[in-house]
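Notes follow the structure.
The values are calculated or read from the model by the stated rules, or taken from the named source; none is laboratory data. The model shown is predicted, which means the values in this text are computed figures rather than measured ones. Cβ coordinates were reconstructed from backbone atoms using ideal geometry, including for glycine residues, and neighbour counts include every protein chain displayed. Protein only, heavy atoms only, side chains kept; ligands, DNA and RNA dropped before computing areas. Shrake-Rupley method; radii C 1.70, N 1.55, O 1.52, S 1.80 Å.
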Amino acid sequence: MKKIQACVWAIAALLLVACGESKPTPELVLQDLHGKKVSLQQLQGKPAVINMWATWCAPCRREMPVLQQAQQNHPHIQFVLLNQGEKASAVTAYLQKNQILLPNVWLDESMQARAVLPYQGLPSTYFLNQRGEVVAHSLGELTPVQLQQYLQQIQ
């Protein structure tokens, strides 16, 4: 069943790319865990993965190690974990407790990303090419196989 799901996701992602469904990076200014302003625009120039998540979201928590491993395996791709609606203290405590080490954890306390990205639920993951265009979107927990298929599209 998992293989069938992976194939369906891969075919859907390939269709999006083949049909030219890329969209430019939306303008959005947020904060990182240290209060520094960050923007989706700064991701241009390298492929990127934006994962919208929350600490209370079970599928989000399950896919965190998958994203962490992918970041280690693909240092040329920028991975951004875009937390939805939580304070820096709660996010930091969760990451430390679960030994999640990712360099780009951003906060979207007012959940403004939902207005500029095609949001349908958590977790949502967006794949951007080096021009900053969203070329694929995944809703739901990513398996390592699915993630690898999406990463091949943006490398």
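Couple of notes before you dig in:
- Among the numbered conditions (1) touching a Gly at 6+ places or on another chain (Cβ under 7 Å); (2) open to solvent by less than 60 Å² (accessible area, probe 1.4 Å); (3) not in a helix (DSSP H, G or I), the only one that Pro59 does not meet is (3).
- Residues satisfying the stated conditions in the stretch 71-88, i.e. open to solvent by 10 Å² or more (accessible area, probe 1.4 Å) and aliphatic (A, V, I, L, M): Ala88
- Filter result (under 13 Å from Met64 (Cα atoms) and either in contact with a strand residue (DSSP E or B) (Cβ under 7 Å, 6 or more places away or on another chain) or of a type in the set (Gly, Ala, Ser) (or both)) within the stretch 105-144: Val105, Leu122, Pro123, Ser124, Thr125, Gly140, Leu142
- One residue from Val91, Val66, Val145 being assigned to a helix (DSSP H, G or I), open to solvent by 60 Å² or more (accessible area, probe 1.4 Å) and not hydroxyl-bearing (Ser, Thr, Tyr): Val145
- First in the stretch 56-67 and touching a residue at least 60 places away in the same chain (Cβ under 8 Å), second anywhere and open to solvent by 40 Å² or more (accessible area, probe 1.4 Å), Cβ under 8 Å, 6 or more apart: Pro59/Glu141; Cys60/Glu141; Arg62/Glu141; Glu63/Glu141; Val66/Thr143; Val66/Pro144
- Filter result (among the aliphatic types (A, V, I, L, M) and under 27 Å from Gln152 (Cα atoms)) within the stretch 31-60: Val38, Leu40, Leu43, Ala48, Val49, Ile50, Met52, Ala54, Ala58
- Within the stretch 24-46, residues that are at pLDDT 90 or above and of a type in the set (S, T, N, Q) have Cβ atoms under 7 Å from residues that are buried (at least 16 other Cβ atoms within 10 Å of the Cβ) and not in a loop (DSSP other than H, G, I, E, B) in these pairs: Gln31/Val38; Gln31/Trp106; Gln31/Leu107, counting only partners at least 6 apart in sequence or on another chain.
The rows are residues; the columns are (1) open to solvent by less than 50 Å² (accessible area, probe 1.4 Å); (2) on the phi > 0 side of the Ramachandran plot; (3) touching a residue at least 24 places away in the same chain (Cβ under 8 Å).
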{"residue": "Gln99", "(1), (2), (3)": "no, yes, no"}
{"residue": "Glu109", "(1), (2), (3)": "no, no, yes"}
{"residue": "Arg114", "(1), (2), (3)": "no, no, yes"}
{"residue": "Pro118", "(1), (2), (3)": "no, no, no"}
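- Any chance Tyr119 is hydroxyl-bearing (Ser, Thr, Tyr), modelled with pLDDT under 95 and out of contact with any Asp or Glu (no Cβ under 8 Å at 6 or more places or on another chain): yes
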